[in-house]
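For reference, the structure is listed below as structure tokens.
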Amino acid sequence: MYSDPNVASTVIIAGTVGHSQVIDDLISKKVIDVGEIQGKWEAFVSTLVKNPIPGCAQALVIAGSDPRGTIYGIYDVSEQIGVSPWYFWADVPTKLHKNIYVLPQRKVQKSPTVKYRGFFLNDEQPALTNWVATHWPDTPYGAGYGPAFYSLVFEVLLRLRANYLWPTVWATMFEVDDPGNQPLADAFEIVMGSSHTEPLMRAQNEFGKFYKGPWAYNLNSDTIDDYFRYGVQRAKPYARNSLWTMGMRGTGDTAIEGLGVDKIVTMLTTLVQHQKQFIGEGLGVNISTVPKMWCLYKEVQSYIFEGLEVPEDVTLLWADDNWGNVRRFPLKSEKNRFGGAGVYYHFDYVGDPRNYKWLNTVQLSKTAEQVGPRTHPGWRGISG
């Protein structure tokens, strides 16, 4: 039986299996059992342990299978003692307690069903951009979308047990606006991606600002190839926490223009082969082991029906119709693809022919109806 401990000699010990000497010692002494989580993705065990280390009468030990597993274990305790994941972004008051108790039952949190879970900070102007501009100094290129802002975003992602982000897009350049953004995401263990219109970790505004010629692969492939190669080179130090967006759309979040569908399909097939080559050569790894995603947004999905074949090791990110209706889910024959599948789902859409604001609709229940039943182990990612 566990009794009320001496507060002065009671601690919380948190660490990652294989990266924490204290945790590894407790495992080797068979004081804690991590058999159910060891080697797993984002899992953790939390348990009470008596006399875990000299001078400590009792500890709540949190052992994560990987760094995010450890983080989720810590935030699991934080939420249970009254700290909402939305304490900052929604001004949710933190509950105060005179005493906090831990039950003696061991908790095992296994790997999540959906591997990558996150959101896209799109349509961020004017509301979010104006707010950022009033809180932090501008970057050399615009509003202050730097580490002070993104640290708050990374934290809420982790508190919500998410792990994946597409950063702001309209008038920003995540990797360029502040050189601290990319290493900070890695330090937070956030998996960075880029939107459906921004392949290989490059913001769409970078091409117009720093490169010459049209954003048209059939007319300017050498320049665009160099653009992609640099995206891989720049992200290489953070490749462990990167999910690469493949493919290409037109300028400024539009469809490719000036070519027939058959030529677009041929061009994109060649382009993605080149992108895979750039990633493999740039990172010096087997490309099949690198997480990659092709977002089938708007017209891109139609190319699938016109014969576009997405490589087996690329995740198919199926998209809704911008108003909360998922247009297509994987066929039975597609459910065992090595790259798996995901959903890109709009909670809020700003664009023609009408805007869609979920706050004024039944969008939350619709989300559960459209997305919830499909998030099974075959799904690799979901963002919205």
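Go through region 295-318 and report how many residues are in contact (Cβ under 8 Å) with a residue 60 or more places away in the chain and either part of a helix (DSSP H, G or I) or touching a helix residue (DSSP H, G or I) at 6+ places or on another chain (Cβ under 7 Å) (or both). Please lay out each step first, then the result.
So the first thing to find is which residues in region 295-318 are in contact (Cβ under 8 Å) with a residue 60 or more places away in the chain, and the list is 295, 297, 300, 314-315, 317.
Checking which are either part of a helix (DSSP H, G or I) or touching a helix residue (DSSP H, G or I) at 6+ places or on another chain (Cβ under 7 Å) (or both) leaves us with 300.
Qualifying residue count, region 295-318: 1.
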Exercise for review: Kindly establish whether N322 is among the polar types (S, T, N, Q), within 30 Å of E124 (Cβ to Cβ) and either assigned to a loop (DSSP other than H, G, I, E, B) or assigned by TED's automatic domain parsing to the domain that holds A203 (or both).
Suggested key: yes
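Look at T254 and say whether it is over 26 Å from E312 (Cβ atoms), modelled with pLDDT under 95 and either surrounded by fewer than 18 Cβ atoms within 10 Å (Cβ to Cβ) or β-branched (V, I, T) (or both).
Details: over 26 Å from E312 (Cβ atoms): yes; modelled with pLDDT under 95: yes; either surrounded by fewer than 18 Cβ atoms within 10 Å (Cβ to Cβ) or β-branched (V, I, T) (or both): yes.
So T254 passes the test.
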Practice item. Return the residue satisfying two criteria in turn: it lies in region 125-152 and is under 18 Å from L165 (Cα atoms) and hydroxyl-bearing (S, T, Y), and of such residues it is surrounded by the most Cβ atoms within 10 Å (Cβ to Cβ). Key: Y145
Check your understanding: Which ones in region 219-240 are of a type in the set (A, V, I, L, M) and without any contact (Cβ under 8 Å) to a residue 60 or more places away in the chain?
Key -> L219, I224, V232, A239
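Out of N163, N122, report the one residue that is under 25 Å from G340 (Cα atoms), crowded, with 19+ Cβ neighbours inside 10 Å, polar (S, T, N, Q) and over 13 Å from the mean Cα position of the chain (by Cα).
N122
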Exercise for review: Report, by residue number, each residue of region 187-212 that is surrounded by fewer than 18 Cβ atoms within 10 Å (Cβ to Cβ) and within 15 Å of the chain's Cα centre (by Cα).
Suggested key: A187
Revision key, fill the gap. When every residue in region 305-351 that is at pLDDT below 90 and of a type in the set (G, A, S) is compared, the one surrounded by the most Cβ atoms within 10 Å (Cβ to Cβ) is G324
Practice item. Look at T94 and say whether it is under 30 Å from S151 (Cβ atoms), surrounded by fewer than 17 Cβ atoms within 10 Å (Cβ to Cβ) and either free of Cβ contacts under 8 Å to residues at least 60 places away in the same chain or in contact with a His (Cβ under 7 Å, 6 or more places away or on another chain) (or both). Key: yes
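Scan region 49-58 and tell me whether some residue there is under 23 Å from R240 (Cβ atoms), in contact with a strand residue (DSSP E or B) (Cβ under 8 Å, 6 or more places away or on another chain) and surrounded by 20 or more Cβ atoms within 10 Å (Cβ to Cβ). Write out each step before concluding.
From region 49-58, those under 23 Å from R240 (Cβ atoms) are none; that's our starting set.
No, region 49-58 contains no residue that is under 23 Å from R240 (Cβ atoms), in contact with a strand residue (DSSP E or B) (Cβ under 8 Å, 6 or more places away or on another chain) and surrounded by 20 or more Cβ atoms within 10 Å (Cβ to Cβ).
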**Study point:** Among the candidates D33, D4, residue that is of a type in the set (D, E, K, R) and either closer than 20 Å to I190 by Cα or at pLDDT 95 or above (or both)
**Key:** D33
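To keep it simple, each residue is scored yes or no on (1) modelled with pLDDT under 95; (2) in a helix (DSSP H, G or I); (3) out of contact with any strand residue (DSSP E or B) (no Cβ under 6 Å at 6 or more places or on another chain).
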residue	(1), (2), (3)
D24	no, yes, yes
I27	no, yes, yes
G39	no, no, yes
E42	no, no, yes
V61	no, no, no
G69	no, yes, no
S84	no, no, yes
I100	yes, no, yes
V108	no, no, no
Practice item. Please indicate, with yes or no, whether at least one residue in region 133-143 is touching a residue at least 40 places away in the same chain (Cβ under 8 Å), hydrophobic (A, V, I, L, M, F, W, C) and closer than 24 Å to S195 by Cβ. Key: no
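The values are calculated or read from the model by the stated rules, or taken from the named source; none is laboratory data. All values derive from a computational prediction rather than experimental measurement. In this analysis, Cβ positions are derived from the backbone assuming ideal geometry, glycine residues included, and neighbour counts consider all displayed protein chains.
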